[in-house]
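Trainee: Have a look at this one.
The values are calculated or read from the model by the stated rules, or taken from the named source; none is laboratory data. Source: prediction; values computed, not measured. Every residue, glycine as well, gets a Cβ built from its backbone with ideal geometry; the counts of neighbours run over all protein chains shown. In case anyone asks, the SASA skips ligands and DNA or RNA and just uses the protein heavy atoms, side chains included. Shrake-Rupley method; radii C 1.70, N 1.55, O 1.52, S 1.80 Å.
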Amino acid sequence: QVQLVESGGGLVQPGGSLRLSCAASGIFFSIENMGWHRQAPGKQRELVAVIASGGSTNYADSVKGRFTISRDNAKNAVYLQMNSLKPEDTAVYYCNALIRLHALSIPVPWWGQGTQVNVSS
């Protein structure tokens, strides 16, 4: 069974920084895209950032220049460095990964349990 476990959420003041981490464990063949989504109260889940296995990245316009996504393929991990945080960044942040369980299988999305980020003074 595959698991994605996030860590690093918490309470931070506006303008502050947090770093989220997520590691995949279990038995699988490979991980393709990894990314972060977030869901604020009363809103739909939205993409924050995604990184391909080769390192190319894509960001939501709202976080460009403030957030940086990175990954460590040897550790099956993805990270989100969040700087210049704003109150509107408050949300539950979810890690996700496209995982190929076997060499010939279709990649399937897996999700972490979420970690709460609160930006408030």
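Trainee: Which is within 21 Å of Val12 (Cβ to Cβ) and not acidic (Asp, Glu), of Thr68, Thr57? Working first, answer last.
Mentor: Numbers: Thr57 fails: within 21 Å of Val12 (Cβ to Cβ).
The unique qualifying residue is Thr68.
Trainee: Conditions: (1) touching a residue at least 24 places away in the same chain (Cβ under 8 Å); (2) closer than 22 Å to Val12 by Cα. Asn76 meets all but one. Number of the miss?
Mentor: For Asn76, the failing item is (2).
Trainee: Mind listing whichever residues of the stretch 1-54 are open to solvent by 40 Å² or more (accessible area, probe 1.4 Å), within 17 Å of Ile99 (Cα to Cα) and of a type outside the set (Phe, Trp, Tyr)?
Mentor: Across the stretch 1-54, the qualifying residues are Gln1, Gln3, Val5, Ala23, Ser25, Gly26, Ile27, Glu32, Asn33, Ser53, Gly54.
Trainee: Ok, one more. Sort out which residues of the stretch 60-100 are β-branched (Val, Ile, Thr), open to solvent by 10 Å² or more (accessible area, probe 1.4 Å) and more than 11 Å from the chain's Cα centre (by Cα), and write them in order of number.
Mentor: Answer for the stretch 60-100, where residues must be β-branched (Val, Ile, Thr), open to solvent by 10 Å² or more (accessible area, probe 1.4 Å) and more than 11 Å from the chain's Cα centre (by Cα): just Thr90.
Trainee: Can you work out which of the residues in the stretch 101-121 that are of a type outside the set (A, V, I, L, M, F, W, C) and within 14 Å of Val2 (Cα to Cα) is least open to solvent (accessible area, probe 1.4 Å)?
Mentor: The selected residue is Gly112.
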